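The values are calculated or read from the model by the stated rules, or taken from the named source; none is laboratory data. Just so it is clear, the model here is predicted, and its values are computed rather than measured. Here the Cβ positions follow ideal geometry from the backbone for every residue, glycine too, while neighbour counts run over all protein chains shown. Areas reflect the complete protein model, heavy atoms only, side chains present, ligands, DNA and RNA absent. Shrake-Rupley method; radii C 1.70, N 1.55, O 1.52, S 1.80 Å.
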Amino acid sequence: MSQDEPWGRDPAPQPTEAVGGEVDCGLAFEPGTVLGDRYRIRSALGAGGMGEVWHAVDLKLRVEVALKGLRPELVVDEARRESLRSEVRAAREVVSPNVCRVFDLIEIDGQELVSMEYVDGTTLLEVLRERAPLEPSEAQQIASQFLAGLEAIHQAGLVHRDVKPENIMVTRTGRVVVMDFGLARSAAEGAGTVSGTRAYMAPEQAEGVTDARSDLFSAGVILAEMVSPGGIRDFESRKGVWDAVRSDPVQVPDSPWATVVKRAVAKDPENRFASAHELTRALEEVAFRVHDETGLEPYPGLSSFDEDDAEYFFGREAEVEAVWQKLQSAQFLGIIGASGSGKSSF
């Protein structure tokens, strides 16, 4: 969506790139089609104003991927093709388990396609519509991961410019992935065109000026939605949060995160957190203060982790997903690694 998206209605969630789940979009490729003797199309994943996304199998590497291409009527538009190439150049600069990986730009039968990670999960918006407000522990885990993704994007010298729940995926293992570099730009470019989703735009972004702190404003709006006491199950409840964070003075949901969120959505960028890392640390301080975790022992010694220890098991989401996928075709897998590397807990 662009800056012209009205707030007068609930914008239908746009299909997010590499989302798991089949949809009917009337796309150009039929399931079973093999592209360039390499990619077998499995299903359509989604379509937006410019692009279409398919779930496919890379027959050479034997891995699942998502393929993104321009809509058929836009393939001949060189400006649109260059926009797709720019998206690839931007995304390839970022390496993080919390950012959707872009593998390559390929050309098949005259059409340029982006090969990227297939993320099997659901959007954060769907999670929030189903069960917001989130429990503190789940909210903390999701927030820390998508903020880690933003930190990686910013460290690569980029500004995402379209951070919103629709562009954040949560996989079945709990890994959180920031998606869609369609509007990303270099932080060094200074002022430029106005792009983004109005409800999540920082004030300066609406003037065409962006830097990492603009993305942090968007993140602050998402944090407010995550803990809003009434949830955000419909448009009116979402709009209530959007309006509140832009009021004067700023109003944020009554929660332990209130002070942190208020600083994240400060109108003046100078009054916000300086980085996604700093925002993450502020949320962690709240968690320790509220939950008084100093008496808990996250290390069970030589015993194996079990279900009761799940809250301490993190950082292996990508590995768990890989094993999950392999188990679809294998009856037995061997887990190997150096002593002390965490094989038993894994």
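Spin-label model, GLU285/GLU236: points 7 Å from Cα along the beta carbon direction are separated by 3.9 nm. So if we plug the beta-carbon distance of GLU278 and ARG89 into 1/(1 + (r/R0)^6) with R0 = 30 Å, what FRET efficiency do we get, rounded to 0.05? Between GLU278 and ARG89 the formula returns 0.60. The simple Förster model, with R0 at 41 Å and r as the Cβ-Cβ distance, assigns ARG246 and ILE108 a FRET efficiency of 0.35.
Label points 7 Å out from Cα along the Cβ direction at ARG62 and ASP268: separation in nm? In this crude spin-label approximation the distance works out to 6.0 nm.
The order of the peptides 129-135, 149-155, 205-211 by mean Cβ neighbours within 10 Å, most packed first, is 149-155, 205-211, 129-135. Each Lys and Arg adds +1 at its Cβ and each Asp and Glu adds -1 at its Cβ; summed about the Cα centre, region 126-182 shows a dipole of about 60 debye. The accessible area of PHE288, taken with all protein chains in place and a 1.4 Å probe, comes to roughly 120 Å².
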